[in-house]
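Worksheet: the structure to be examined is printed underneath.
Just so you know, all these numbers are worked out from the coordinates, no wet-lab data involved. No experiment lies behind these values; they were computed from the predicted model shown. When we count neighbours, we look across all protein chains shown, and the Cβ atoms used for this are built from the backbone with ideal geometry, even at glycine.
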Amino acid sequence: MGKNLAGKLALIVGVLVVFCFGIVGIPHGGLKESIKRRINLGLDLKGGTHLVLEVHVAEAVGSTTDRDVQRIEDDFQKAGITGATVGKTDQAHPETIMVTGVPAAKLGDARSILQGNDYSNYDVVTTADGVSLTMKPGAIRDLETRTLNTSIETIRDRVDKLGVAEAQVAPYGLGANQILVELPGVSDPGRVEDIIQSTAKLSIHEVIGGPFENDQAAMAANNGVIPADAMLVRGSATSGAPESVWLLKRVSEVEGTDFRDAQPSQDQNGRPNIRFNLTTEAGDRFYKYTSAHSSTSSTPGSMAIVLDNKVREVAGIQSAIRDSGEITGGFTQQQANDLSLMLRTGALPATISFLETRTVGPSLGAASIHQGIVAAIAGMLAVMVFMLVYYHGAGINADLALFLNLVILLGFMGFTGSTLTLPGIAGVILTIGMGVDSNVLIFERIREELRSGKTAAAAVDQGFKHALTTIIDTHVTTIVSALILFLFGTGPVRGFAVTLAFGLFAN
């Protein structure tokens, strides 16, 4: 019996040593600083910025169909189908493409192309006006989901590369196509907000006409009608030039997702600019475009660099460009650094708007920590006093168990790098209550066994055995509830679920 107790005691001491290391780690700079390094504080305790963003996923649908319009035109050209018009006639329904004017002799060839695997995401219907392609509902849902997930990953990459520790970027469960961003302890919230809210929607478009003084002048120059495959965009052709209006081809030649790398640099005059490299596929596509419109070709032209829906630069195409180039436009060094960062981490697939911005100051976080710790200590002391008064000597065991439970819980959080939030402190307090409940069940079962005439040792043994099933049942059901909260809850709710689940496992 003594040997068995010695083994159990050694196990308990070993577990405590391990989890104490989880709390403190290798002490450096004092106990308090060591604990701070191991236990990460959430936004509500450390201070920082809370953002709720909405992703305009419909733009991804429109961008995809714009690209497919270009693909259909290219496929028709390769098949020798001339005279056909391909476009989107209804801007309210960007998922639909109309093909009209196909010669009767080529109608079969056109249907074969449109019903092939390359356009399997579309429902193809022949009408009196021509052939319509409508993106399937399942394909739209997949694209919207992919757009939201890509936006989350892109924002997370940007935040991580800025060195924001313990940042949370996740779907916001309270709204469709929304993202929750929490940045604890941000040193420069203004810059981080600018990086996140900028869509970095960089694209290069063919210039059809311009510059015009205003929209009315642009409309007048085009007989009052803007072609369906074109758009009006404001901006400056060079840094410091007055803002003008340009008529650009709607489908971009290159856009943000085509960039493989981008680095801040300087031009020959020492001004900040950005050097970029394109993916192989995009480089081939860009080479084809610039070759056809270079100054030495039969159809010379110019291209506009559009960033965040504004023209930043318009340049003539002097020679063919394949997979590398430079972006200039009067950037400051900080703007060049930030833009190259956004292009390296991938462009957002759709624009984003802010629904909520909230800042928590460090002083408010410190007050929350103080109040939370006071509440936890007060609750724990009250419970310990009750156990000592009501159960006398046995209450010492219960109080010791509560203290060790707290050590294991904090050690868990230190090892796993979990973030402690204000609701997380509430989870710790609830764990204390669950621990007391377990002890009450055990002690009352022991009392029943003693009243039935059993010896103290037998009563303790049977009391533990009979209470264990009930304790496991209550803890497992609560852990399942905590798991559901963690999977479907937002940041603060997940913090509560983490501490509650860890505390119950420790218990």
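Using unit Cβ charges (K, R positive; D, E negative) and no other charged atoms, how large, in debye to the nearest 20, is the dipole of the chain about its Cα centre?
Details: 40 positive and 50 negative charges, 367 e Å.
Using Cβ point charges on Lys, Arg, Asp and Glu, the chain gives about 1760 debye.
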message = Can you compute 3J(HN,Hα) from phi for each residue in segment 271-283, using the Karplus curve 6.51 cos²θ - 1.76 cosθ + 1.60 with θ = phi - 60°, rounded to whole Hz and x for Gly and Pro?
response = 8, x, 8, 10, 9, 10, 10, 9, 5, 4, 5, 5, x
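Fewest first, what order do S291, S438 take by the number of other Cβ atoms within 10 Å? Each step should come with its number before you reach the end.
Values: S291 15, S438 23.
Lowest to highest Cβ neighbour count: S291, S438.
Treat every Asp and Glu Cβ in segment 58-140 as -1 and every Lys and Arg Cβ as +1, leave all other atoms uncharged, and give the resulting dipole magnitude about the Cα centre to the nearest 20 debye. Walk me through the intermediate numbers first.
Values: 7 positive and 12 negative charges, 39 e Å.
Charge dipole of segment 58-140: 180 debye, to the nearest 20.
Sort H205, H293 by Cβ crowding within 10 Å, fewest neighbours at the top.
Values: H205 24, H293 20.
With the fewest neighbours first, H205, H293 line up as H293, H205.
Looking at this model, which pairs from K88/K136; K8/K465; K8/K454 are more than 19 angstrom apart at the alpha-carbon? List each step's numbers first, then the result.
Working: K88/K136 16 Å; K8/K465 17 Å; K8/K454 25 Å.
Result: K8/K454 exceed 19 Å.
Taking the convex hull of the Cα atoms, report for segment 58-140 its projected area averaged over all directions, in nm².
Working: hull surface 20.1 nm².
For segment 58-140, the mean projected area of the Cα convex hull comes to 5.0 nm².
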query = Cα axis of helix 422-451 to longest principal axis of the chain: angle in degrees, 0 to 90, nearest 10?
reply = 30
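Give me Rg/Rg_expected for segment 198-357, where Rg uses Cα atoms only and Rg_expected = 2.2 N^0.38 Å with N residues. Kindly include the intermediate steps, with their values, before the conclusion.
On the way: Rg = 15.8 Å, N = 160, 2.2 N^0.38 = 15.1 Å.
Output field value: 1.04.
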Cβ-based exposure ranking for I484, I179, in which fewest neighbours within 10 Å come first = I484, I179
remark   = Given the candidates T89, V99, S63, the one whose Cα lies deepest towards the positive end of the charge dipole of segment 58-140, counting +1 at each Lys or Arg C-beta and -1 at each Asp or Glu C-beta, is V99
inquiry  = Taking 20 °C and 1.002 mPa s as the conditions, I'd like the Stokes-Einstein D for the chain in µm²/s, using the Kirkwood hydrodynamic radius from alpha carbon pairs.
reply    = 76
key: Mean-position separation - Cα centroids, segment 215-246 and segment 375-410, in angstrom   = 74
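Please state the relative contact order of the chain as a whole percent: Cα pairs under 8 Å, 6+ residues apart? Walk me through the numbers on the way to the answer.
Values: 852 pairs, mean separation 96.4, N = 507.
Computed over the chain, the figure is 19 percent.
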request  = Using only Cα atoms, locate the centre of segment 424-485 and the centre of segment 35-94, then give the distance between them in Å, rounded to an integer.
outcome  = 53
request  = Work out from phi, with θ = phi - 60° and the Karplus expression 6.51 cos²θ - 1.76 cosθ + 1.60, the ³J(HN,Hα) of each residue of segment 301-313, listed in order in whole Hz, and give x for Gly and Pro.
outcome  = x, 9, 10, 10, 8, 10, 10, 6, 6, 9, 6, 9, 6
inquiry  = If you take every DSSP beta bridge fully contained in the chain, what fraction is antiparallel? Give it as a percent rounded to 5.
reply    = 95
query = Hey, what do the phi angles of segment 383-391 turn into as Karplus ³J(HN,Hα) couplings, whole Hz, using 6.51/-1.76/1.60 and θ = phi - 60°, x for Gly and Pro?
reply = 5, 5, 5, 4, 5, 5, 6, 7, 10
Over the chain: helical MRE at 222 nm, DSSP H runs n ≥ 4 each giving -39500 (n - 2.57), nearest 500 = -17500 deg cm²/dmol
request  = Mind pulling the angle between the C-alpha long axis of helix 333-344 and the longest principal axis of the chain? Nearest 10 degrees, somewhere in 0 to 90.
outcome  = 80
